[in-house]
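Quick notes on the structure that follows.
The values are calculated or read from the model by the stated rules, or taken from the named source; none is laboratory data. Remember, predicted model here, so these are calculated numbers, not experimental data. All Cβ positions, even for glycine, are placed from backbone atoms using ideal geometry, and neighbour counts span all protein chains on display.
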Amino acid sequence: MKKLVIFDLDGTLLNTIADLGDAANHALESYGYPTHSLASYPHFVGNGVRRLLERVLPEDARTVHNIELLRAKFVEYYDEHNTVHSKPYTGIPELLESLQKMGISLAVASNKYQAAVSALVEHFFPGIKWSAVEGQKEDVPVKPDPSIVFEILGKVPTPKADVLYVGDSGVDMETARRACVDSVGVTWGFRPASELREYHADNIVSRPSEILTLLNR
């Protein structure tokens, strides 16, 4: 049986797209740039805040200086508004409780900056004992670089064969592949199932409860 399940956060545990979009639009509007519909944001997210802001900026404005200006506005706004619309996906709280009762270690690996990851996990899942909650840090490459998985394994030493990595995007599937752990792609998140197949997900599920059936593989 798997002994450690690592979850992506945005699009996997939590539907955060409206709050992410609101924060990015606030940053854009603060500097006079055009904003985007919330429906477009699933295509922008997945590689951390800097890449998100690079993608939403007009092509001729995508400088390091402009991205850092927008990032400051984004973080200031998002830290105050990141639970306005966000919520766990249906079935996620029950899944986490079941895994915890089974004695399986639980961890989060996100490209969102660390302070926001910690705040969101604490706010939405206060009853879960997490073995590791890892977000983006300045000295650690973002996913799909597998460093974040190795950080978790450093805190929760577990044979790779006993690890399951759960995410909603090609970035997540590639992260799991590079870390040499089994992957589960979820279809309720921000990316289509076709992307999960393209990035060679080991498993694809459409409901959180289906993850329980994969623990003995």
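Listed values, structure above:
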quantity	calculated
Pairs with Cβ under 7 Å, 6+ apart, first in the range 195-217 and closer than 18 Å to PRO93 by Cα, second at pLDDT below 95 and exposed (fewer than 15 other Cβ atoms within 10 Å of the Cβ)	LEU215/MET1
Search result, residues across the range 167-205 that are of a type in the set (Phe, Trp, Tyr) and within 15 Å of PRO146 (Cβ to Cβ)	TYR199
Selected residue (only one of ARG50, ARG71, ARG62 is closer than 30 Å to THR187 by Cβ and among the basic types (Lys, Arg))	ARG50
Hey, VAL75 part of a loop (DSSP other than H, G, I, E, B), outside the structural domain of ALA193 (by TED's automatic domain parsing) and not polar (S, T, N, Q) or not	no
Hits in the range 146-165 (condition: of a type in the set (Val, Ile, Thr), surrounded by 18 or more Cβ atoms within 10 Å (Cβ to Cβ) and not in a helix (DSSP H, G or I))	THR158, VAL163
Residues (in contact (Cβ under 8 Å) with a residue 40 or more places away in the chain and over 14 Å from the mean Cα position of the chain (by Cα)) located in the range 20-40	ASP22, ALA23, ALA24, HIS26, ALA27, LEU28, SER30, TYR31
Boolean, VAL166 is in contact with a Pro (Cβ under 7 Å, 6 or more places away or on another chain) and at pLDDT 95 or above	no
Count of the range 24-46 residues which are in a helix (DSSP H, G or I) and crowded, with 24+ Cβ neighbours inside 10 Å	2
Given (1) in contact with a helix residue (DSSP H, G or I) (Cβ under 7 Å, 6 or more places away or on another chain); (2) crowded, with 23+ Cβ neighbours inside 10 Å; (3) among the small types (Gly, Ala, Ser), index of the condition GLY170 fails	(2)
Residues (buried (at least 16 other Cβ atoms within 10 Å of the Cβ) and either touching a His at 6+ places or on another chain (Cβ under 8 Å) or part of a helix (DSSP H, G or I) (or both)) located in the range 194-209	GLU195, LEU196, PRO208
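Quick grid of which residues meet (1) part of a loop (DSSP other than H, G, I, E, B); (2) at pLDDT 95 or above; (3) within 20 Å of THR175 (Cβ to Cβ):
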| position | (1), (2), (3) |
| --- | --- |
| ALA109 | no, yes, yes |
| VAL121 | no, yes, yes |
| LYS129 | yes, yes, no |
| GLY135 | no, yes, yes |
| PRO141 | yes, no, yes |
| PRO144 | yes, yes, yes |
